[in-house]
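This report refers to the structure that appears directly beneath it.
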Amino acid sequence: MNKFQKFPNQHNNIVLTSMVSILLLSACGGSGDEQPTPTPEPPVVTYPDFTDITASGGDTTTYDAGNSGHGFSTPAPNLSEGDLALHLEGDANFEISFTTAPNIEHPELDGLGPVFNNADCNSCHQRDGRNSTPFLSADQTRVKLGSDAGIFLRISKAADVECTQGNAANNYCAPIPVPDFGGQLFHRGVLKARADWQENAFGGQADVYLSYERTTVTYDDGTSVELKKPIFEVENPYDAPGETKQSTNITSNLLQDDVLMGWRNGMPVFGLGLLEAIPEAAILALADADDSNGDGISGRPNWVFDAIKDRNGDDNPVSLGRFGWKANTPSVRVQSLGALRGDIGITNPLFPDESVAGTSLHDSYLTRTGFVDTGEDENGEPEVDQALSDAVVFYAETLAVPARRNVDDSDVREGARLFASINCSGCHTPSFTTKTSGDIGGSDIIDSLKGQVIYPFTDMLLHDMGDDLADGRPDFLANGNEWRTRPLWGLGLTQTVNPQAGFLHDGRAATVEEAILWHGGEAQNSQEAFMALSKTERDQLVSFLMSL
């Protein structure tokens, strides 16, 4: 008898128990050596520090801009009562449309020109934002720039050698004026500004025509974007009426082969006081002229002639360039009053001489008309006084920065991450803290601008942006390929404020996406990384930019 025979039911019980155990182990996932597959944890997404920021201008931020057409025109909310009054005075002066001299009834308004680009500040900075890009209808191949054009041309003679360090002997590397024209081309004029005014009524130094050269960029996913490059042609200069670059015998100083021309679009004017209040050391700390860190980005400062230091007798009147497309002006005061004299023809205490003083055009105008338009008023003073100049400058320094919008939107947040991941922030530095003491533009910094944590998304430095964006025209230390990093705050409201506004230095880009696609040079890697994104990701990055 075997052991199972002695206990006839025991064998069956053992077999049944073993089978139940196997079934139970199978139901629990197998043997002790076989563990259940764990549910994967979602990846941790890290967003950059600026993702949730709304107060782009610190305490100067306005939250009332929203979708308003006046989103750039609000005074900083932290101004004192006295500062607000000065700001509003400057606002009124910013809107003045100047007239031809003499204006007997309103002499405070006269002095326009005699050649100019626009008659008021607002025409180049519509509602304190960008001006309109000239439009070509379907049947036009080119259009002549007129009173509705906020774009203008910088002009200069090509230098024999590159200027790398400014001093008094080389005029601090300033652009070389074109003989009998100057440093800016004025396409408009008052009546009789030109000797041939019967044929060219209200003509300026020359006529300027705009056309576009169009190309198409196609992504790997098949989506395409049309890009347009502006082509400017200058004709009919006052010193050789009727001549063009195609003329057989060119005699005009303006049309010579060594004359360089750079096209400029008016910029927004809000937040300028904050940019001027960024400590110089903070900007210079970002410079990397030799690309020592090997990231392909080599921003460098522009050192420019400073009219304020020169007026004050400084032995070395040079300052860090902060404003203008090539960082060619050092302060809001120099920028604003230089534009008042340059773009409009209105002399002021900082720039008391007409832009075209001493040229054949101006001398002829004074002789032929008998008008007293030498740049002085009836008392021998500049055409606008110190009080008006101060108010206009203060206005530009104290406009509020619009708050960011839609920061909780998932696409905007993901766009912020992509902005950092493809290194757009390598040039568009997100934030700075403004200084707490000292001066800006020769005046003590006001309390409202002190110690503000701001998010302008610029490093204020020059960068080589590639041949496609180059104008070939040096400006102080900036070469023909270099441009100052454009601040991005307020970008998303640009076409809310002015639906016809364009982007980049000459308004060629109709959208933010087009502007990105034009980036080259030091921005080439980021541009290619943008093109490699999926359409969803590209839209997310643009959504982030439009939230600024």
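Within the range 484-500, if we keep just the residues that are in a loop (DSSP other than H, G, I, E, B) and touching a residue at least 24 places away in the same chain (Cβ under 8 Å), the residue that is surrounded by the fewest Cβ atoms within 10 Å (Cβ to Cβ) turns out to be 500. Within the range 244-251, none of the residues are of a type in the set (S, T, N, Q) and buried (at least 19 other Cβ atoms within 10 Å of the Cβ). Is it fair to say residue 417 is surrounded by 22 or more Cβ atoms within 10 Å (Cβ to Cβ), within 25 Å of the chain's Cα centre (by Cα) and of a type in the set (D, E, K, R)? The answer is no for residue 417. When 242, 296, 266 are checked against the criterion of being among the small types (Gly, Ala, Ser), under 19 Å from the mean Cα position of the chain (by Cα) and assigned to a loop (DSSP other than H, G, I, E, B), a single residue qualifies: 266. Testing residue 192 on (1) of a type outside the set (Asp, Glu); (2) part of a loop (DSSP other than H, G, I, E, B); (3) out of contact with any Lys or Arg (no Cβ under 7 Å at 6 or more places or on another chain); (4) touching a residue at least 60 places away in the same chain (Cβ under 8 Å), one condition comes back false. Which one is that? Only one criterion in (1) of a type outside the set (Asp, Glu); (2) part of a loop (DSSP other than H, G, I, E, B); (3) out of contact with any Lys or Arg (no Cβ under 7 Å at 6 or more places or on another chain); (4) touching a residue at least 60 places away in the same chain (Cβ under 8 Å) is unmet by residue 192, namely (3). On the given criteria, is residue 410 more than 17 Å from residue 338 (Cα to Cα), polar (S, T, N, Q) and within 25 Å of the chain's Cα centre (by Cα)? No; evaluated as a whole, the condition is false for this residue.
Results for (1) among the small types (Gly, Ala, Ser); (2) within 14 Å of residue 399 (Cβ to Cβ); (3) in contact (Cβ under 8 Å) with a residue 12 or more places away in the chain, shown as yes or no for each residue.
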{"position": "60", "(1), (2), (3)": "no, yes, yes"}
{"position": "72", "(1), (2), (3)": "no, yes, yes"}
{"position": "99", "(1), (2), (3)": "no, no, yes"}
{"position": "133", "(1), (2), (3)": "no, no, yes"}
{"position": "138", "(1), (2), (3)": "yes, no, no"}
{"position": "153", "(1), (2), (3)": "no, no, yes"}
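None of 32, 66, 71, 82 is surrounded by 10 or more Cβ atoms within 10 Å (Cβ to Cβ) and either modelled with pLDDT under 75 or outside any loop (DSSP other than H, G, I, E, B) (or both) except 66.
Of the helices (runs of 4 or more DSSP H) lying entirely inside the range 355-451, those containing at least 1 residues that are within 30 Å of residue 77 (Cα to Cα) and modelled with pLDDT of 95 or more are 386-397, 410-421.
When residue 512 is tested against (1) in contact (Cβ under 8 Å) with a residue 60 or more places away in the chain; (2) over 25 Å from residue 76 (Cα atoms), exactly one condition is not met: (1).
The values are calculated or read from the model by the stated rules, or taken from the named source; none is laboratory data. On a predicted model such as this, the values are computed, not experimentally measured, just so you know. Heads up, the Cβs are rebuilt from the backbone with ideal geometry, glycines too, and the neighbour counts pull from every protein chain shown.
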